[in-house]
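Undergrad: Next up is a structure, given as structure tokens.
The values are calculated or read from the model by the stated rules, or taken from the named source; none is laboratory data. Quick caveat, the model's predicted, so the values are computed rather than measured. Cβ placement follows ideal geometry from the backbone for every residue including glycine, while neighbour counts extend to all protein chains displayed.
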Amino acid sequence: MHNLAEAKKAWAAHAPQLAKRGIVMPGVVSYIPSGWGEDIQLAMDAQPGLTTDPNSGIPTMLSTMVDPEVFRVLFSPNEAANIFGEQKKAMFPIVEHDGEVSSYGDFNDNGHAGANTNFPQRQSYLFQIVKEYGEYELDAAGLAKINWVTEVDVAAATMLNKYQNLTYFYGVQNLENYGLLNDPGLSASITPAPKANGGVTWFVNGGQPNATANEVYNDIIALFQKVVSQNSGLVNKKANMKLCMSPDSSVALTFTNSFNVNVEDLLKKNFPNMTVETAMQYGVLDESNPQGIAAGNLVQLIVSEVDGQKAGYCAFNEKLRAHSIIRGLSSFKQKETAGTWGAVVRQPSAISSMLGV
């Protein structure tokens, strides 16, 4: 098979015999003639350079999955209104009964009964926040499946409520507007009793228990005794009262004594109408708790009513007022306002506190 014609003739003669043996090669019409391919060389021409930048992928955003569930940053709960109640009010009258008795005589007209009234007030404080968003901003957020207007609305309401909660605890500086923790009528805080392990605190070293269950319980008893003393017998252990502290301090209520009874069990047994409330504002001031108390952890005992009169309440004059939406060329703006009177403590004697637990 020195040439192509002979190679084709040979293949045509052999192909039927190969097919009988199951060897079928579709498209083949010839053997390779002798000598073919000996002078064939691979083409080694250089590949032309690319006009565009080398790339083997696609833009990352095209392969990025956007989670349909929106995760929001968490804030500590607003607890002031839950602890002290809340209502829309500003002025409250105070009546003090007075009088003088005298010896009886048929013609004596001595003796006098009267009343003295006062109308103490607080200065209100109005505060505001402004919501703004643009059309392009809304479109961009929409691509991520985020309802931007709703998120801004929630943010405005959240910030107003956060600030109002803060005023319920601390009032507003430079105004006659006080909070549950700094009302000038409150009695001075007492100090915890010394602990067997040293110091007066319930915890040391960022969380290690320092007090026993009995020592924690006795500190709470001291708080209750102070309220009883301040009210000349008008308060007893069956009164409705709230024991308020930071979430960290509340862990001490799980301390258990040698009889396998913890502090919370002792409180339930001896003070059936006492509830425990927690708020971050009762904790010590630090980086994670900027609204805390610099002097240390505080515990407050609040008797809800004394002789049928409320200890007080958190007061507001405007909870939320939404003003008109102002439209710009391609944006929107709206103001929202709220107002606070702080915490109105009507019966300071119903509250006692302990600083430095």
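Undergrad: Quick one: in segment 279-312, which of the residues that are surrounded by fewer than 21 Cβ atoms within 10 Å (Cβ to Cβ) and of a type in the set (Ser, Thr, Tyr) is nearest to PHE203 (Cα to Cα)?
TA: Of everything passing the filter in segment 279-312, SER288 is nearest to PHE203 (Cα to Cα).
Undergrad: Okay, moving on. Taking only segment 233-265 into account, find how many residues are of a type outside the set (Ser, Thr, Tyr), within 22 Å of GLN208 (Cβ to Cβ) and outside any loop (DSSP other than H, G, I, E, B).
TA: 9
Undergrad: If you check GLN164 against the conditions, is it under 28 Å from the mean Cα position of the chain (by Cα) and surrounded by 14 or more Cβ atoms within 10 Å (Cβ to Cβ)? Quick ask: steps written out before the conclusion?
TA: Working: under 28 Å from the mean Cα position of the chain (by Cα): yes; surrounded by 14 or more Cβ atoms within 10 Å (Cβ to Cβ): yes.
So GLN164 passes the test.
Undergrad: Continuing with the same structure: Based on what the data block shows, is GLN230 in contact with a Ser or Thr (Cβ under 6 Å, 6 or more places away or on another chain), surrounded by fewer than 20 Cβ atoms within 10 Å (Cβ to Cβ), on the phi < 0 side of the Ramachandran plot and not hydrophobic (A, V, I, L, M, F, W, C)? I'd like the intermediate steps shown before the answer.
TA: Working: in contact with a Ser or Thr (Cβ under 6 Å, 6 or more places away or on another chain): yes; surrounded by fewer than 20 Cβ atoms within 10 Å (Cβ to Cβ): yes; on the phi < 0 side of the Ramachandran plot: yes; not hydrophobic (A, V, I, L, M, F, W, C): yes.
So GLN230 passes the test.
Undergrad: Could you check segment 339-357 and list, in sequence order, the residues that are assigned to a strand (DSSP E or B) and over 18 Å from GLU79 (Cα atoms)? Even if it seems obvious, please write down each step before you answer.
TA: Kept after step one, since they are assigned to a strand (DSSP E or B), are these residues of segment 339-357: 339-340, 342-345, 351-355.
Within segment 339-357, SER352, MET354, LEU355 qualify.
Listed here are the residues, each with its yes/no results for (1) in contact (Cβ under 8 Å) with a residue 60 or more places away in the chain; (2) touching a strand residue (DSSP E or B) at 6+ places or on another chain (Cβ under 8 Å); (3) more than 27 Å from SER232 (Cβ to Cβ); (4) not assigned by TED's automatic domain parsing to the domain that holds ASN161.
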{"residue": "PHE255", "(1), (2), (3), (4)": "no, yes, yes, no"}
{"residue": "GLU264", "(1), (2), (3), (4)": "no, yes, yes, no"}
{"residue": "ALA295", "(1), (2), (3), (4)": "yes, yes, yes, no"}
{"residue": "ASP307", "(1), (2), (3), (4)": "yes, no, no, no"}
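Undergrad: Test LYS335 against the criterion of being among the basic types (Lys, Arg) and either in a loop (DSSP other than H, G, I, E, B) or surrounded by fewer than 15 Cβ atoms within 10 Å (Cβ to Cβ) (or both), and give yes or no.
TA: Numbers: among the basic types (Lys, Arg): yes; either in a loop (DSSP other than H, G, I, E, B) or surrounded by fewer than 15 Cβ atoms within 10 Å (Cβ to Cβ) (or both): no.
So LYS335 fails the test.
Undergrad: For segment 91-130, which positions are among the charged types (D, E, K, R) and farther than 30 Å from GLN164 by Cα? Full working, then the answer.
TA: Of the residues in segment 91-130, the ones among the charged types (D, E, K, R) are 96, 98, 100, 106, 109, 122.
Selection gives GLU96, ASP98, GLU100, ASP106, ASP109.
Undergrad: Hey, another quick one. Output the residue which, of all residues in segment 217-227 that are in contact (Cβ under 8 Å) with a residue 60 or more places away in the chain and within 32 Å of the chain's Cα centre (by Cα), is surrounded by the fewest Cβ atoms within 10 Å (Cβ to Cβ).
TA: Our first condition is that a residue be in contact (Cβ under 8 Å) with a residue 60 or more places away in the chain; within segment 217-227, this holds for 219-220, 222-224, 226-227.
From what is left, the residues that are within 32 Å of the chain's Cα centre (by Cα) are 219-220, 222-224, 227.
On the way: ASP219: 22, ILE220: 23, ALA222: 16, LEU223: 21, PHE224: 22, VAL227: 21.
Per the stated criteria, the residue is ALA222.
Undergrad: So LEU253 ticks every box in (1) within 26 Å of PRO290 (Cβ to Cβ); (2) at pLDDT below 95 but one. Which box is left unticked?
TA: The number of the failed condition is (2).
Undergrad: Hey, another quick one. Going by what's in this entry, would THR201 be described as in a helix (DSSP H, G or I) and either touching a His at 6+ places or on another chain (Cβ under 6 Å) or β-branched (Val, Ile, Thr) (or both)?
TA: Details: in a helix (DSSP H, G or I): no; either touching a His at 6+ places or on another chain (Cβ under 6 Å) or β-branched (Val, Ile, Thr) (or both): yes.
The answer is no for THR201.
Undergrad: Hey, does segment 115-128 have a residue that's more than 30 Å from GLY185 (Cα to Cα) and either assigned by TED's automatic domain parsing to the domain that holds GLN347 or modelled with pLDDT of 90 or more (or both)?
TA: Residues of segment 115-128 more than 30 Å from GLY185 (Cα to Cα): none.
So far as segment 115-128 goes, no, none of its residues is more than 30 Å from GLY185 (Cα to Cα) and either assigned by TED's automatic domain parsing to the domain that holds GLN347 or modelled with pLDDT of 90 or more (or both).
Undergrad: Looking at (1) surrounded by fewer than 19 Cβ atoms within 10 Å (Cβ to Cβ); (2) under 28 Å from the mean Cα position of the chain (by Cα), can you tell me which one LYS238 breaks?
TA: Answer for LYS238: the failing condition is (2).
Undergrad: Also: Would you mind stating whether SER249 is touching a helix residue (DSSP H, G or I) at 6+ places or on another chain (Cβ under 9 Å) and either free of Cβ contacts under 8 Å to residues at least 12 places away in the same chain or not assigned by TED's automatic domain parsing to the domain that holds GLU305 (or both)?
TA: Values: touching a helix residue (DSSP H, G or I) at 6+ places or on another chain (Cβ under 9 Å): yes; either free of Cβ contacts under 8 Å to residues at least 12 places away in the same chain or not assigned by TED's automatic domain parsing to the domain that holds GLU305 (or both): no.
Here the answer is no, as SER249 does not meet what is asked.
Undergrad: While we're looking at this one, here's another question. Within 30 Å of LEU138 (Cβ to Cβ) and hydrophobic (A, V, I, L, M, F, W, C) - does that describe any residue in segment 335-343?
TA: Checked segment 335-343: at least one residue is within 30 Å of LEU138 (Cβ to Cβ) and hydrophobic (A, V, I, L, M, F, W, C).
Undergrad: Same structure again: Please verify whether ASN317 is over 30 Å from GLY207 (Cα atoms) and either at pLDDT below 95 or crowded, with 22+ Cβ neighbours inside 10 Å (or both), treating the condition exactly as stated.
TA: Working: over 30 Å from GLY207 (Cα atoms): yes; either at pLDDT below 95 or crowded, with 22+ Cβ neighbours inside 10 Å (or both): yes.
It is true that ASN317 is over 30 Å from GLY207 (Cα atoms) and either at pLDDT below 95 or crowded, with 22+ Cβ neighbours inside 10 Å (or both).
Undergrad: Right, here's the next one. Return the only residue of ILE302, ILE326 being among the aliphatic types (A, V, I, L, M), closer than 20 Å to SER249 by Cβ, assigned to a strand (DSSP E or B) and touching a Lys or Arg at 6+ places or on another chain (Cβ under 7 Å).
TA: Numbers: ILE326 fails: closer than 20 Å to SER249 by Cβ.
Going through ILE302, ILE326 in turn, just one is among the aliphatic types (A, V, I, L, M), closer than 20 Å to SER249 by Cβ, assigned to a strand (DSSP E or B) and touching a Lys or Arg at 6+ places or on another chain (Cβ under 7 Å): ILE302.
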